[in-house]
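J.: The structure is given below, and queries will be raised subsequently.
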Amino acid sequence: MSTQEWWKNSVGYQIYPRSFQDSNGDGIGDIRGIISRLDYLVELGVDFIWINPVYKSPNVDNGYDISDYEAIQPEYGTLDDVKELIAACHQKNIKVLFDLVVNHTSNLHPWFVEAMKSKDNPYHDYYLFVDNDGTTPPNNWESFFGNSAWEYVPQLQQSYLHIFAKEQPDLNWKNKAMRAEIYQMMLFWLDLGLDGFRLDAISHIQKADWAVPMVKTDKWRNFMNVAGIEQYMTELKQVFDEYHVLTVGEASGVSSKKAPEWTGDGGYINMIFELEHNQKTGKNGSEVIDLPAYQDVIYRWQRDQLKEGWNALYIENHDNPRAATIFGNDNPEYLKTLALSYFLLRGTPFIYQGQEIGMTNFPYSKVEQFDGVDAKMQYADWLAKGDDELTALKKVGRVSRDNSRTPMQWSGETNAGFTNATPWMNVNPDYTTRNVASEEQDAASLLSFYKQLISLKKSSAAFGTGTIKLITSEPGQFVFERVNEDASYLVVANLTTLDVELPAAIVNNYQTGKIVLSTGAAADITKVKPGTGLIIQKG
Ligand code: ISL
Ligand code: CA
């Protein structure tokens, strides 16, 4: 492994800046807030952070609608603050990734403002406009956030494509001048010393012909990894390669089979956040993760990238409800087991802020508590379908991505120590018992477990570049070996309600080994009970 592949033995931490730490008493998390919490991250042991967008934005989609790629949203601070953040992180050996959002801009970006002026404006072709009389959209494509993906513009007699909110017009990647400006902008950030990017919605930048209709059974295929994207990814790679930066692509539609072409040697990027494992079961409003289906997806991605390619491992992010709720069990030992089930698979593990203390979904009681455009649209949708308000609230609340965006719970003090003003989003009331300060004091807490797990992960390259052997067992029981020339480890994480029965050969191999970490006191290789797990190093 070359030193350029440092990320293979590393741990990432995702920061949602709006909700991490407020430093100036306006109720909104900011860059100086992140700087003030760096020692927490050092203590935790993470190697790099990925920060969600802090660019100038009217904030229709919490920063994913950018109106100036090279300016910072004043709420978050200034460019100088960013420089200071990067320097402070580097001083503490933490690398910094920013979000790169280039599938779309804000409708208030100067390019789009120009584009709306006339068909012959040079910026008009930076976006995807189609002649249209406004009676029916150019085709039946829907946006990820619901309804038609087209917005009609009467003064142009055209509609433009937006696969997210209508305030997020899609860029036209066929336009060379637009691409050149994007690459220039990336250099601007890389020159400031960023260590990489998380590539937002990157598999959507190429679209099918407008004549191809949407099919209900595969709604997004006309803008997910569509042929022709190769050229753009190759160009992006040229920029990345110049700086040897870490690149993590949110690339839905790239199948596990195809993934090695993207993430292997010579691939476009270093790793992919697959979005397939988000498999749920149960009635609207009380969904839980469908464990067997979830595990199938994760194991398939492991198998398909065994020799070539690399995984980005995660259970939470800013687009999903909290794991402690959606896995249906917020018992700390179960959450430790959940951590074990994904963290040491082959790939680079990420922790989403608050996951390490077991933060849970917000107990919604009124619609005003929702923030996201998507949540509000879904709520209106359920009402339109005939639900009463409480039912609609429950259905949206269970799965809403707003759940993951409540303020970080630092302590049992006012507003969980996030701010001394009114927080921009409600703090989850369970902060009084679930917070960093109290878990730091408790050697048996989830937080303490994550620290041990991170340190173990980094103590042996067997957990990085070592091989992985997935051992078949009951669905929902994660059992695997990590092996290199120096060490062999067996990881067992039992998320089911049945005891794990390991194959005799495995028991023989590891029985005399040393338990290097376990979720509870009564760990025993011959009987890994429901909701528990352990790691054994071969003797
Ligand atoms: O492809 C998808 C589902 O199969 C979509 O989920 C899509 O890739 C995803 O929603 C993209 O999310 C990202 O871009 C959005 C932003 O709202 C999210 O927060 C971000 O993670 C638009 O920029
Ligand atoms: Ca602030």
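No lab work stands behind these numbers, since they all come straight from the coordinates. In this text, all values refer to a predicted model and were calculated from it rather than measured experimentally. In this analysis, Cβ positions are derived from the backbone assuming ideal geometry, glycine residues included, and neighbour counts consider all displayed protein chains.
J.: Place the peptides 196-209, 126-139 in order of packing, highest mean first, counting for every residue the other Cβ atoms within 10 Å and averaging per peptide.
T.: Details: 196-209: 22.4, 126-139: 16.6.
My ranking of the peptides, most packed first, is 196-209, 126-139.
J.: What does the charge add up to near Ala523, with Lys and Arg as +1, Asp and Glu as -1, over the other residues with Cβ less than 15 Å from its Cβ?
T.: Working: positive: Lys336, Lys514, Lys527, Lys529; negative: Glu333, Asp499, Asp524.
My count for the surroundings of Ala523 gives +1.
J.: Cβ neighbours within 10 Å, averaged per peptide: list 113-119, 401-407 in order, most packed at the top.
T.: Values: 113-119: 15.4, 401-407: 23.7.
Listed from highest to lowest mean packing, they are 401-407, 113-119.
J.: Over the Cα atoms of the chain, how large are the radius of gyration and the largest Cα-Cα distance (Dmax), in Å?
T.: Using the Cα atoms of the chain, the pair Rg, Dmax is 23.3, 77 Å.
J.: I would also like to ask the following. Mind listing the long-range amide H neighbours of Thr532? Cut-off is under 5 Å, sequence gap 5 or more, other chains count too, H placed in the peptide plane at 1.01 Å from N.
T.: Asn494
J.: Once phi is turned into ³J(HN,Hα) by the Karplus curve 6.51 cos²θ - 1.76 cosθ + 1.60 with θ = phi - 60°, what whole-Hz value does each residue of the stretch 213-224 show in order, with x for glycine and proline?
T.: Ordered by residue, 3J(HN,Hα) equals x, 6, 10, 4, 7, 8, 4, 9, 5, 6, 9, 10 Hz.
J.: Name the residues whose placed amide hydrogens come within less than 5 Å of the amide hydrogen of His109, ignoring near sequence neighbours (fewer than 5 apart) on the same chain.
T.: Those qualifying (amide H under 5 Å, at least 5 residues apart or on another chain) number zero.
J.: Sticking with this one: For Met271, list long-range residues whose amide hydrogen, built 1.01 Å from N in the peptide plane, is under 5 Å from its own amide hydrogen.
T.: Under 5 Å from the amide H of Met271 lie the amide H atoms of Thr247, Gly249, each far enough along the sequence or on another chain.
J.: Here's a follow-up. Excluding Phe449 itself, calculate the net charge of residues whose Cβ lies under 12 Å from the Cβ of Phe449, where each Lys or Arg counts +1 and each Asp or Glu counts -1. Don't skip to the answer; put the middle values down first.
T.: On the way: positive: Lys336, Lys451; negative: Glu333, Glu356, Glu439, Asp442.
Here the count lands on -2.
J.: I want the antiparallel fraction of DSSP beta bridges within the chain, as a percent rounded to 5.
T.: 60 percent
J.: Give me D for the stretch 466-537 in µm² s⁻¹, whole number, from Stokes-Einstein with Rh from the Kirkwood sum over alpha-carbon pairs, 20 °C and 1.002 mPa s.
T.: Values: Rh = 12.1 Å.
In µm²/s, the coefficient rounds to 177.
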